[in-house]
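This report concerns only the one structure given below.
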Amino acid sequence: MGTLGAHVRRNLVGYLALFVALGGTGYAAGQKLLPRNSVGSAQVINRSLLSKDFKKGQLPRGLRGVPGAPGETGAPGAKGATGAKGATGPSTGPAGGDLSGTYPNPTIGDGKVTPAKLAVVPAVRVEQPCANVASDSDVAVIWTSETFDTAGLHAAGSCIESLPSRLVAPRAGLYEVTLDLLWVDFSTPGTERFAGLRENGTTWLAISRIPPVTSGNPTGQTLATLVSLAQGDYVEAIARQNTGHAETIDSFGASFTMRWTGPAS
């Protein structure tokens, strides 16, 4: 051990000089053998470089190769959720029953609409007026008896009420209205008997002015008209005379009717 240590001490300077010489030479050789941009085709072994050895974008893209054969069909995927139900389509095919033609636009067959299939037509007939008509006064005649009323056109009541004078339209449309009055003349006949049909208390629909019968018989008076009414409109029979005293309308010879005939448009 002492001999090895003495050898190192005697030769330390030499060893250091050898290490420096060898290290400097390796560095210089590296710089001399591989300067920048010095590697060319001659220094590269064919097929030794890989695509990863090149900077991105340095290699030109080759022609697209022929597509490969399709792979095997994969297994079916899981069934999806049921979608929302779509709108119902139009009916198709020939119509039957009371209809003719084809769906979706059939028509009513000829002769298929019979009386039994019709809806009830709004209509009313009232009688027995309790009108004691004062001279030179417009009096709305009140009716106390209904021969028929198919749709509630008349509100029954007594002679001291006002609603029984009205025939009310339950639906809009055209209405045929008729009035028959029979005046009972007891004494002075006067010169005129007036009858009128008035809508909603303001509008005259039809009027009649006639002289009274002078033979001692009752005086008959008739009115008829066709009128367009809205739902809720009403018609009244108005009576007037000019005898100078009250006159009576015969309760058994008078009537007031109203009947729906169809839509106005």
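No value in this document is a laboratory result; all are computed from the given coordinates. Since we're looking at a predicted model, the values are computed, not measured. Using ideal geometry, Cβ is built from the backbone for each residue, glycine included, and neighbour counts are taken over all protein chains shown.
Brief remarks follow.
- Simple label model, 7 Å out from Cα along Cβ direction - T248 to S215, nm: 2.2
- Nearest-0.05 FRET efficiency for D110 and S145, computed from C-beta distance (R0 41 Å): 0.45
- If R0 equals 30 Å, the separation of the Cβ atoms of E192 and T261 corresponds to a calculated FRET efficiency of about 0.45.
- Environment charge at V213 (Cβ cut-off 13 Å; Lys +1, Arg +1, Asp -1, Glu -1): -3
- Percent RCO, i.e. relative contact order, over segment 71-195, from Cα pairs under 8 Å lying at least 6 residues apart: 13
- Inter-centroid distance (Cα atoms) of segment 123-186 relative to segment 201-265, Å: 9
- Seen from H245, the other residues with C-beta closer than 12 Å to its C-beta sum to a net charge of -3, counting Lys and Arg as +1 and Asp and Glu as -1.
- Relative contact order of segment 123-262, defined on C-alpha pairs under 8 angstrom at six or more residues apart (%): 39
- Packing-based order for 193-203, 81-91, using average beta carbon neighbours within 10 Å, highest first: 193-203, 81-91
- Overall form of segment 123-262 per C-alpha gyration tensor (a/c, 1.5; a/b vs b/c): prolate
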